[in-house]
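Following: one structure in structure tokens, then a few remarks.
What follows draws every value from the coordinates through simple rules; no lab data is involved. Worth saying up front: this structure is predicted, and the values here are computed from it rather than measured. Backbone-built Cβ (ideal geometry, glycine too); neighbour counts: all protein chains shown.
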Amino acid sequence: MRSSAPALAEQFDSFEHQRESSVLGMWVFLGAEMIFFGGAILGFVEFRHAYVADFNAASNHTKIVLGTVNTAVLLTSSLFMALAVHAAQEGKNRRLLGFLAATMLLGTAFLAVKFAEYYLEVVEGLVPGPRFRMDGADSRHAQLFFVCYFTMTGVHALHLIIGIALLGFLGLRTLGGKVTPQNHNVVEVGGLYWHFVDIVWIFLFPLLYLLGRHAGHG
Amino acid sequence: MDEPKASVRIYVAIYVALMALVALTTGLAYLDLAPWSATVAMVIAGAKAVLVILYFMHVRYGTRLTWVFAGAGFYFLGILFFLTLNDVLTRSWLSPFLGGTP
């Protein structure tokens, strides 16, 4: 007879051993992700170093109000994610479901604002290519900024979409009674991924929106 | 063995600190702190990341092995940034001696 709550997998000595192993596995994955986003950010830093004035002018065309709101939205979602893991640890599965739903909702709100920004930028002609239009800076260098901007925020948005799907999966596991205080590592590991995506945004926000903001009005 | 964990109160306190840092960094972006603007913005971002990693991601309460695994990514990221920027950021120092553009 199988109970609905998964038991200890046979390769582990204890639930604690099982939990720590899954956390370590997630950190290995996040290490690879760090190098991925870190490489992109390093490329951006190099380009910016080469064309500071043009990058500052281009950066002033990003939507700082929407960007700041989105930073707050994502940090709030991280708080709810941390509270979701906390509820899972204590076996309060109804609260866990509520916090998972709130986290997913804020993640979706972030995406909605992000895509609204993309819409405004498309309308303003800030998409690199033949229709690119921006005064007051070398067009090629300003386009390079927006190549970096759309690539990095786009890949970040993709990670967030995956994260929202992941939380939906966790919600289903919880509803299926497969999350118990002893066996909540799926939720903990999902939380690590969500917080990581938040950290990537913590660095993208100043790099893309804030640097050069003081340097005039583009 | 009981797993050590943070309290709701700590999570909320960290959240308040994070939001304060967002307000601070956005406000400071409008001031001309040249040549320190970029440094200040990145230090604040780093502080936010450390708070998230230590508390929301539970590394503060993790075993030493967790610290090693979490630190490994930063270690290699550090090598990547340090060696690359060592080259890129110092090229202009040489151009007076080499003549011509770097």
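Take the alpha carbon gyration tensor of region B:1-62, find the square roots of its eigenvalues, order them as a ≥ b ≥ c, and report rounded if a/c is under 1.5; if not, report prolate when a/b exceeds b/c, else oblate. Oblate, since a/c reaches 1.5 and b/c is not below a/b.
Taking each residue in A:63-70, count the Cβ atoms of any other chain within 10 Å of its Cβ, then average. What number comes out? Can you show the working numbers first?
Numbers: counts 0, 3, 1, 0, 1, 5, 1, 0.
Counting other chains' Cβ atoms within 10 Å and averaging over A:63-70 gives 1.
Excluding A:S59 itself, what net charge comes from residues whose Cβ is under 13 Å from its Cβ, given Lys and Arg +1 and Asp and Glu -1?
Values: positive: A:R48, A:K63, A:R213; negative: A:D54, A:E121.
Net charge around A:S59: +1.
Counting Lys and Arg as +1 and Asp and Glu as -1, what is the net charge of the other residues whose Cβ lies under 12 Å from the Cβ of A:S78? Surrounding charge for A:S78 is 0. So what is the relative contact order for chain A, in percent, with contacts set as C-alpha pairs under 8 Å and at least six apart? Reported relative contact order: 37 percent.
Over all other residues within a Cβ to Cβ distance under 13 Å of A:V69, the charged ones net out to +1, with Lys and Arg as +1 and Asp and Glu as -1.
In the elastic network of chain A, a GNM with C-alpha springs shorter than 10 Å, the most mobile of A:I202, A:I161, A:I35 is A:I35. Legend: Rg and Dmax of the protein assembly as shown, from Cα coordinates, 21.5, 80 Å. The spacing between region A:71-113 and region B:1-52, judged by their C-alpha centroids, is 19 Å.
In this Cβ point-charge picture (+1 for Lys and Arg, -1 for Asp and Glu), region A:82-218 has a dipole of about 400 debye about its Cα centre.
Partners of A:K63 within straight-line reach, counting aspartates and glutamates whose Cα lies under 14 Å from its Cα and excluding those fewer than 8 residues away in the same chain: A:E117, A:E121, A:E124.
Applying 1/(1 + (r/R0)^6) with r as the Cβ-Cβ distance of B:L83 and A:I162 and R0 = 30 angstrom yields a FRET efficiency of 0.45. Once the Kirkwood radius over Cα pairs is known for region A:68-192, the Stokes-Einstein relation at 10 °C and 1.306 mPa s delivers a diffusion coefficient of 97 µm²/s. Evaluating 6.51 cos²θ - 1.76 cosθ + 1.60 at θ = phi - 60° for every residue in region A:104-121, the Karplus couplings come out as 4, 4, 5, x, 5, 4, 4, 4, 4, 5, 4, 6, 4, 4, 4, 4, 4, 5 Hz, glycine and proline recorded as x. Karplus-based coupling profile of region A:66-79, in residue order and whole Hz: 5, x, 5, 4, 5, 4, 5, 4, 5, 5, 5, 4, 5, 4, with θ = phi - 60° in 6.51 cos²θ - 1.76 cosθ + 1.60 and x standing for Gly or Pro. When the Gaussian network model of chain A links Cα atoms closer than 10 Å, the mean-square fluctuations of A:T62, A:T151, A:T103 top out at A:T151.
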